[in-house]
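See below for the structure under consideration.
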Amino acid sequence: MNIQQAIKMAFRSIMGNKGRSILTMLGIIIGIASVMTIVSTVNGMNQQSLKQFEAMGSNRIDVQASLYNGQNAFESLYDYCNSLGSDLVLGVTPDAYFSANVVYGSKSSKAMEKNQENMWNSDGGANTQVALPPELRFGSDQYSVCNNFQIAAGRDLSKIDIRNYNQVCVLGARAAQNFFNYADPVGQVMQVNGIPFTVIGVYGEKDPDSAWSMDNIIVFPYTASRILSPGTQMSQFVVKAASNKAAVEATSRISGFLTGLTNNGQSGWGYAQSNNQRQQSQNEYTTMLSMVLGGIAAISLLVGGIGIMNIMLVTVTERTREIGIRRAIGAERSSIVTQFLIEAAMICGMGGIIGIAIGTVGTRIAGKLLIKIDIWPSVGITLGAFLLSVALGILFGIYPAAKASKLQPVEALRAE
């Protein structure tokens with residue numbers, strides 16, 4: 001018997017018992033769909049997280065520090081980081097935000113908050129055309145370097161703006177669009193809680209596809225906090241390292257500096273963690289989560305495989321006489337084994353295809369509900385799922401196939 005004949009016989013056997021075949025496939029279908037949905041969703045989460053880390057910029061060090069005497073730790077951190085040299089540190093800035101009503105003409109961030117409430121109460125669809133209130137941040141003259149922004153129009157914050165308490169600000173691309181549409185905002189005056197601030201620059205777009213865009217920001221000199229938000233505690237900072245290698249050394253040095261600044265924790269607290277470390281930790285966590293959830297879902301594959309073995313043993317019993325006839329007219333054991341392995345592989349392969357279709361739909365739904373993005377299973381995951389289903393059929397079909405091939409022709413012919 002050649003392979004083509006074996007495939008035809010296997011297909012006829014499966015179609016001859018449609019109900020039993022579908023029930024046999026059920027465990028494989030559920031297992032493949034579950035594993036595929038979980039792995040694809042976690043992979044999508046990792047990709048989304050990677051995009052966010054890339055948008056924020058690589059080699060970023062997150063620093064938190066606070067002194068119990070109420071003094072601002074940033075001045076000391078700024079001087080220390082700049083003393084390390086550009087081969088280690090490229091910039092340092094506060095990472096503080098505050099709330100205020102920003103007004104330009106007939107547009108205000110207060111009115112935009114209604115759009116935000118509507119989006120929260122909706123199905124979560126990301127409509128990038130809706131004007132949402134900007135995130136208001138305090139920064140140093142090195143804010144753009146630390147957060148991977150490039151000036152597209154006007155100029156950036158300067159040391160003079162910081163030192164002289166200038167009432168100026170820089171807009172992100174989305175904030176500029178929301179307040180000014182296509183007009184040039186540079187030189188225009190916005191009211192922030194009734195206090196005038198002149199727009200001196202606009203950052204280039206780097207996150208255009210998200211409704212909650214990183215570009216929807218307005219950055220003010222951190223020294224303006226005394227008139228805009230006197231109660232804001234600046235305890236979070238961002239340091240930009242020159243490279244991956246520099247990030248490791250800079251993180252170590254800054255940690256040592258914070259230990260001395262806080263008198264080993266007696267006069268304050270502080271720590272530093274590189275963005276690369278955080279990304280690695282998150283990837284390790286999501287990988288572990290994927291393995292745990294995938295392992296749980298794989299139990300259904302094991303159950304499905306046992307079901308395949310069981311039904312193939314039943315098939316051997318039902319077709320004992322057929323096997324005896326074939327053996328009596330000279331069929332080799334290998335041809336019997338091949339026939340039953342192909343049948344088991346076909347049942348699992350067909351179940352795998354159905355499971356892949358269901359898993360694709362499940363992945364799309366999970367992506368929309370959990371992380372609000374479109375996710376499609378990768379070609380590698382899809383192909384791997386199909387090959388896994390076929391491999392399971394072969395694995396769990398070995399014992400029934402071997403049992404069928406060992407039947408003695410005379411005894412098989414006697415079977416009713």
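The values are calculated or read from the model by the stated rules, or taken from the named source; none is laboratory data. The shown structure was predicted, so the numbers you read here are calculated from the model rather than taken from an experiment. Here Cβ is always computed from backbone atoms with ideal geometry, including for glycine, and neighbour counts include all displayed protein chains. These area figures cover heavy atoms from the full protein model, side chains too; ligands, DNA and RNA do not enter into them. Shrake-Rupley method; radii C 1.70, N 1.55, O 1.52, S 1.80 Å.
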Practice item. Identify the residue in region 98-142 that is among the charged types (D, E, K, R) and at pLDDT below 75 and, among all such residues, is least open to solvent (accessible area, probe 1.4 Å). Key: GLU117
Exercise for review: Kindly indicate which of GLN188, GLN167 is more than 27 Å from TRP212 (Cβ to Cβ), polar (S, T, N, Q) and open to solvent by 10 Å² or more (accessible area, probe 1.4 Å).
Suggested key: GLN167
Point to revise | Qualifying position, being open to solvent by less than 50 Å² (accessible area, probe 1.4 Å), within 29 Å of ALA173 (Cβ to Cβ) and not acidic (Asp, Glu), among ASN216, ASN244 | key: ASN216
Check your understanding: For region 256-314, how many residues meet the condition of being aromatic (Phe, Trp, Tyr) and at pLDDT below 80?
Key -> 1
Review point. Only one residue in ALA241, ALA173, ALA224, ALA152 is in contact with a Leu (Cβ under 7 Å, 6 or more places away or on another chain) and either touching a residue at least 12 places away in the same chain (Cβ under 8 Å) or charged (D, E, K, R) (or both), so which one is that?
Key: ALA241
Revision key, fill the gap. Of (1) in contact (Cβ under 8 Å) with a residue 12 or more places away in the chain; (2) more than 21 Å from ARG319 (Cβ to Cβ), LEU383 fails just (1)
Exercise for review: Scan region 199-215 for residues that are part of a loop (DSSP other than H, G, I, E, B), in contact with an Asp or Glu (Cβ under 6 Å, 6 or more places away or on another chain) and of a type outside the set (D, E, K, R) and jot them down.
Suggested key: SER213, MET214
